[in-house]
Amino acid sequence: MICEVGNHAFELSKEDVSAYKRFGFEPLPICFPHQHQQRLNFRNDRFLYRRKCDATGESIISMYPADAPFPVYSAQAWFSDKYDPLKYGRDFDFSRPFFEQFAELKLSVPHMALTNVNSTNSDYCNMCIGNKNCYLIFGGDRNEDSMYGSLPMYCRNCYDCDWTYRCELCYFSAYSEHCYSSRFIFNCKDCYDCDFCESLIGCNNCILSFNLRNKSYYIENKAYTKEEFERLKTKFLDGSFITQLKLWEYFLQLRSKREVKYANILNCENCSGDIIFNSKNCQNCFEGTGNEDCRECIIIFKAKDCFNCDYVGHGSVLSFNNLSSDTAYRAWNSWWTIECSDIDYCMASNFSKNLFGCIGTKHSEYCILNKQYSREDFLALKEKIIAHMKKTGEWGRFFPKSLSPFPYNESASNYFFPLKKEEALSAGFKWKDPEIAENSQTYEIPDNVKNVPDEIINEILVCESSKRNFKILPPELSFYKSQNIPVPREHPDARFYKRLALRNPFKLFERKCAKCDASLKTTYAPERTETIYCEKCYLETVY
């Protein structure tokens, strides 16, 4: 097939075609990467604004700016009884395309300022559920006393941690599970008291080490006695910022030459992709835990029977072409749904079922374009609309790019599929000026900031690499002192993009195992400097 977006040839496997048919759709003439890119453009995690609530006039934090073309309500106003989403309902017009009518509804229905549900003392979090005492957590659920993380789950007292699961007292880490009191660790599991390490399992008291299993008191993959290790640890981790910076730079050097398994797939059966844990029958999936029978999905958590989706989690089942859902059953072609079932083409709908083309509903059922129907009338009209959308060529497609409320450079697309302004505009995406150039830059910390003592750090709270102000909050400062971590000199976004730079692309390359020459599909591009092994050869090397 020829991708209508990139105008390049791509192939669908028999399994891909079967997956489309299973959900009742014809295969789309759009390659999967471009489908992911378009969906992710509808998600803004990290860019927040100060504006007024259009319901109460109070000052609020919002992912939508003050000039958004639709009303924006605080969560309190949105969930209150005074807001009735069904009063915006309208009849379906069969003389017009569905997306055109949906766009008009979208401009009239109030949008919730932040997606921050069932949270306590966590006002500055977005795309989150159930956090407590958290600050600037994005996409992470059910965390406590944590700050500056993207997609941490069930973590406590973690700072600058991304894609971490059930970790505690960790700092500047990613893709780790069940880790405790560790700093600068990546792709680790069941570890504690480790620093500047990657791909460790069951280890403790390790520094600058890779690919260890059930080891203690290692530095640069060399064993030491406990006494020797403690003496050297004091030298390595002296609490100064300049020492930490040098260790980070040295860690990156060691990391570029390390031996790696072709994919970070652990405790899985019949899975392909990367960063997949405790899963079964998941093909071409990336960044997922506890999933089963999923295909072509990015960032999924405890999902089952999902196809071609992004950010789907917490027990979602039978999702198709879906973005940002939690505890959803048969949610198709929709964006941001929580505890919904049997919905099609919906946005920001919560605790609802049997909906079609609805926006901002809560505890609703049998609605189309936010208009209430009886069960019988709903089912009959739904089938007519589906037939109409098949004629217009809309059925099975995600919402058009023009319906995204976010510019490309403020969406999740930009850090998973980065584009320059001209590239984004030519592809039909929106862009917001001035350009947020620091989001795609390599950050260098100038010497005049490197050597500033922690005691006066509060006097220089400007990220020199991006010229952005930031604060060090009291709980944050207490955490740094208790963990012997120097106060950061960079804005939280700058730190996030440093961690993001360690992530491989959502793309598989054909490679050969460096030891046995077996064919591999890996996210490590051919020009990478790491040594790539198949699983068998990797295990022979590690153990």
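The values are calculated or read from the model by the stated rules, or taken from the named source; none is laboratory data. Bear in mind that the values here come from a model prediction, so they are computed numbers and not experimental data. Here Cβ is always computed from backbone atoms with ideal geometry, including for glycine, and neighbour counts include all displayed protein chains. The accessibility values were calculated without ligands, DNA or RNA, using every heavy atom of the protein model including side chains. Shrake-Rupley method; radii C 1.70, N 1.55, O 1.52, S 1.80 Å.
Any idea what Rg and Dmax come out to for the stretch 355-421 if you just take the C-alpha atoms, in Å?
16.2, 49
Relative contact order of the chain, please, whole-number percent, based on alpha carbon pairs below 8 angstrom and at least 6 residues apart.
Working: 1245 pairs, mean separation 57.0, N = 543.
Worked out over the chain, it gives 11 percent.
Could you sort 7-14, 162-169, 385-392 so that the peptide with the highest average Cβ count within 10 Å comes first and the rest follow in order?
Values: 7-14: 10.1, 162-169: 23.0, 385-392: 15.1.
Ranking the peptides 7-14, 162-169, 385-392 by packing returns 162-169, 385-392, 7-14.
Got a number for carbon plus sulfur as a percent of the stretch 391-437's accessible area, 1.4 Å probe?
Values: 1210 of 2140 Å².
Using a 1.4 Å probe with all protein chains present, the stretch 391-437 comes out at 57 percent carbon and sulfur.
Based on the alpha carbon coordinates of the stretch 194-256, what radius of gyration and maximum Cα-Cα distance (Dmax) apply, in Å?
Answer for the stretch 194-256, Rg first and Dmax second: 11.2, 31 Å.
May I ask you to give the percent of accessible area on the stretch 186-252 that is carbon plus sulfur, with a probe radius of 1.4 Å? All intermediate terms of the calculation are to be shown ahead of the outcome.
Details: 1470 of 2990 Å².
Summing carbon and sulfur atoms, their accessible area is 49 percent of the total for the stretch 186-252.
Of all beta bridges DSSP finds with both residues in the stretch 169-296, what is the antiparallel percent, to the nearest 5? Don't skip to the answer; put the middle values down first.
Working: 2 of 28 bridges.
Of those bridges, close to 5 percent are antiparallel.
Around F406, with a cut-off of 9 angstrom between Cβ atoms, what is the net charge of the other residues, counting Lys and Arg +1 and Asp and Glu -1?
Net of charged neighbours comes to +2.
Residue by residue through the stretch 106-123, what is 3J(HN,Hα) from phi via Karplus (6.51 cos²θ - 1.76 cosθ + 1.60, θ = phi - 60°)? Round to whole Hz and write x for glycine and proline.
Calculated HN-Hα couplings, in order: 4, 6, 9, 7, x, 9, 6, 4, 9, 8, 9, 9, 6, 9, 10, 6, 9, 5 Hz.
Over 37 Å, how big is the tail of the calculated P(r) for the chain, in percent of all Cα pairs? Each step should come with its number before you reach the end.
Working: 47268 of 147153 pairs.
In whole percent, the share of Cα-Cα pairs in the chain beyond 37 Å is 32.
Which residue, H491, S59, V312, has the largest displacement toward the positive end of the dipole of the chain when charges sit on each Cβ (Lys, Arg +1; Asp, Glu -1)?
Of the options given, the answer is V312.
State the antiparallel share, in %, of DSSP beta bridges confined to the chain, rounding to the nearest 5.
Antiparallel bridges make up about 15 percent of those DSSP assigns within the chain.
Run lengths n ≥ 4 of DSSP H only: what is the helix-derived mean residue ellipticity at 222 nm for the chain, with -39500 (n - 2.57) per run over all residues, to the nearest 500?
Numbers: 13 runs with 119 residues, N = 543.
It lands at -6000 deg cm²/dmol.
What whole-number value in Å² describes the accessible area per residue of the stretch 240-342 for a 1.4 Å probe?
Numbers: 3170 Å² over 103 residues.
On a per-residue basis, 31 Å².
Would you mind telling me the antiparallel percentage of the DSSP bridges in the stretch 265-416, rounded to 5? Spell out each step's value before the answer.
On the way: 2 of 45 bridges.
For the stretch 265-416, the DSSP antiparallel bridge percentage is about 5.
Let me check the size of the stretch 108-182 from its C-alpha atoms; what are the radius of gyration and Dmax in Å?
Computed over the Cα atoms of the stretch 108-182, radius of gyration and Dmax are 12.1, 48 Å.
Let me see the P(r) profile for the stretch 33-134: every Cα-Cα distance counted, bins of 10 Å, each bin given as a percent of all pairs.
14, 38, 34, 13, 1, 0
From the backbone phi of the stretch 316-330, what are the Karplus-calculated ³J(HN,Hα) couplings (6.51 cos²θ - 1.76 cosθ + 1.60, θ = phi - 60°) in whole Hz, Gly and Pro given as x?
6, 9, 6, 8, 9, 6, 10, 10, 6, 10, 9, 6, 10, 10, 6
Consider all pairwise Cα distances in the stretch 145-234 and report the whole-number % of them above 21 Å. Show your work: numbers first, answer last.
Details: 963 of 4005 pairs.
Within the stretch 145-234, distances greater than 21 Å cover 24 percent of Cα pairs.
Quick one: P(r) of the stretch 1-79 from all Cα-Cα pairs, 10 Å bins, percents rounded to integers, in order of increasing distance.
Bins of 10 Å from zero give 16, 30, 16, 21, 16, 1 percent of pairs.
Which FRET efficiency value, to the nearest 0.05, is calculated for S374 and F351 with the Förster distance at 30 angstrom and r the Cβ-Cβ distance?
The calculated FRET efficiency here is 0.90.
Tally Lys/Arg at +1 and Asp/Glu at -1 over every other residue whose Cβ is under 14 Å from the Cβ of K280; what's the total? Numbers along the way, then the final one.
On the way: positive: R295, K302, K304; negative: E269, E292, D293, D305.
Every neighbour counted, the sum reads -1.
Would you grab the residues whose amide H sits under 5 Å from the one on I359? Only those 5+ places off in sequence or on another chain, please, with H modelled 1.01 Å from N.
M347, N370
Largest first and in whole Å, what are the equivalent-ellipsoid semi-axes of the stretch 467-538 based on the Cα gyration tensor, each being the root of 5 times an eigenvalue?
40, 15, 9
Please compute, for the alpha-carbon atoms of the stretch 177-314, the extent along each of the three principal axes and give them in descending order in Å.
Here the Cα extents, ordered largest to smallest, are 52, 28, 27 Å.
Which percent of the accessible heavy-atom area of the stretch 1-105 goes to carbon and sulfur, probe 1.4 angstrom? All intermediate terms of the calculation are to be shown ahead of the outcome.
Numbers: 2680 of 5250 Å².
Percent of accessible area from carbon and sulfur atoms in the stretch 1-105: 51.
Return one whole number: the accessible area per residue of the stretch 1-92 in Å², for a 1.4 Å probe.
Working: 4670 Å² over 92 residues.
Averaged over the residues of the stretch 1-92, the accessible area is 51 Å².
Could you pull out every residue, at least 5 positions away or on a different chain, whose amide H is within less than 5 Å of the one on C294? Hs are placed 1.01 Å off N in the peptide plane, and Pro or chain starts have none.
C282, Q283, D305, C306
Round to a whole angstrom and tell me the spacing of the C-alpha centers of the stretch 66-109 and the stretch 355-419.
That distance is 12 Å.
Could you tell me how far the Cα centroid of the stretch 184-228 sits from the Cα centroid of the stretch 471-526, in Å?
First find each Cα centre; the distance between them is then 17 Å.
For H111, list long-range residues whose amide hydrogen, built 1.01 Å from N in the peptide plane, is under 5 Å from its own amide hydrogen.
Under 5 Å from the amide H of H111: V72, Y73.
Determine ³J(HN,Hα), in whole Hz, for all residues of the stretch 154-159 in sequence, where each value follows from phi through the Karplus function 6.51 cos²θ - 1.76 cosθ + 1.60 and θ = phi - 60°; x replaces Gly and Pro.
With the stated coefficients, the stretch 154-159 comes to 6, 9, 10, 6, 10, 10 Hz.
What nm value, rounded to one decimal, do you get for the distance between E535 and K52 when each label is placed 7 Å out toward the C-beta?
Placing both labels 7 Å beyond Cα along the Cβ direction yields 5.9 nm.
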